[in-house]
Amino acid sequence: MLWLLVLFSSICLLLSAVVHISTFFGIDPNAETSIFWLLHLFVFIAIIGGAYFVDQAVDGDKHKHHLVIKSSPAWLKYLTGAFFVYGIFNFTVFLALSEGTPDYDGARYSLQDHGNFIREITEQEFHQAQALVARGFSGHWMLFYSLALLLLIGAYRYHRAKGTNIGA
């Protein structure tokens with residue numbers, strides 16, 4: 001089960017990066033398919049799975065997350081740290097660039113703020129705004145999937161170092 005979650009989290013991290021990078025090339029992932037929004041829900045499976053295996057690996061120690069993170073590979077710690085810093089930067093840029101939530105009511109494209117009309121926009125502006133929203137979310141997804149991998153692989157390595165096996 002642990003390795004299935006590692007594979008799941010790895011694939012979701014890769015897909016999140018694809019969604020994120022595509023938005024820099026003017027692609028609105030939502031225009032192609034809205035299935036990528038499942039990545040938003042899948043984060044919970046990855047993180048809860050990571051927390052579960054941390055509990056399995058380190059039973060009864062209040063510093064269990066620190067022990068597991070210490071057992072994780074250095075490259076994964078750096079990657080997760082980089083996604084953390086990038087996530088803050090990306091969110092700040094998102095807030096600065098976002099004028100509102102893009103909306104299409106079947107007749108016109110507009111920007112909304114909590115359901116209140118801001119202004120009418122073109123279809124191209126609508127897709128740009130949609131891409132910006134996808135970029136904002138996918139920046140966070142990359143962080144959380146990387147964190148899930150950090151916890152899962154760290155839990156496995158910690159438990160293996162103790163001479164036992166979890167989640168085989």
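The values are calculated or read from the model by the stated rules, or taken from the named source; none is laboratory data. All of these numbers come straight from a predicted model, not from anything done at the bench. Glycine gets a Cβ as well: all are built from the backbone with ideal geometry, and neighbour counts include every protein chain shown. Note: areas computed on protein heavy atoms with side chains; ligands, DNA, RNA excluded. Shrake-Rupley method; radii C 1.70, N 1.55, O 1.52, S 1.80 Å.
Observations, loosely collected:
- Residues located in the range 109-135, provided they are free of Cβ contacts under 8 Å to residues at least 40 places away in the same chain, open to solvent by 90 Å² or more (accessible area, probe 1.4 Å) and either touching a His at 6+ places or on another chain (Cβ under 6 Å) or not in a strand (DSSP E or B) (or both): His114, Glu123, Gln124
- Subset of the range 68-93 (residues that are at pLDDT below 95 and touching a helix residue (DSSP H, G or I) at 6+ places or on another chain (Cβ under 6 Å)): Val68, Ile69, Ser71, Ser72
- Of all the criteria given as (1) touching a residue at least 60 places away in the same chain (Cβ under 8 Å); (2) farther than 21 Å from Leu150 by Cβ, the one not satisfied by Met1 is (2).
- The residue of the range 1-31 that is modelled with the lowest pLDDT, among those that are open to solvent by 80 Å² or more (accessible area, probe 1.4 Å) and more than 15 Å from Arg135 (Cα to Cα), is Met1.
Every residue, every condition in (1) within 30 Å of Thr33 (Cα to Cα); (2) of a type in the set (Gly, Ala, Ser); (3) without any contact (Cβ under 8 Å) to a residue 40 or more places away in the chain, yes or no:
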| position | (1), (2), (3) |
| --- | --- |
| Asn90 | yes, no, no |
| Asp103 | yes, no, yes |
| Phe137 | yes, no, no |
| Met142 | yes, no, no |
| Ser146 | yes, yes, no |
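- For Ser34, the test of being within 20 Å of the chain's Cα centre (by Cα), within 18 Å of Gln128 (Cβ to Cβ), surrounded by fewer than 14 Cβ atoms within 10 Å (Cβ to Cβ) and modelled with pLDDT under 95 is passed.
- Test: residue in the range 138-161 that is over 30 Å from Asp55 (Cα atoms), under 23 Å from the mean Cα position of the chain (by Cα) and assigned to a helix (DSSP H, G or I): no
- Remark: pairs (first residue in the range 43-61, open to solvent by less than 70 Å² (accessible area, probe 1.4 Å); second residue of a type in the set (Val, Ile, Thr); Cβ separation under 7 Å; 6+ apart in sequence or on different chains) = Phe53/Ile166; Val54/Val68; Ala57/Val68; Ala57/Ile166; Val58/Val68.
- Across the range 99-107, not a single residue is classified as surrounded by 18 or more Cβ atoms within 10 Å (Cβ to Cβ) and touching a Ser or Thr at 6+ places or on another chain (Cβ under 6 Å).
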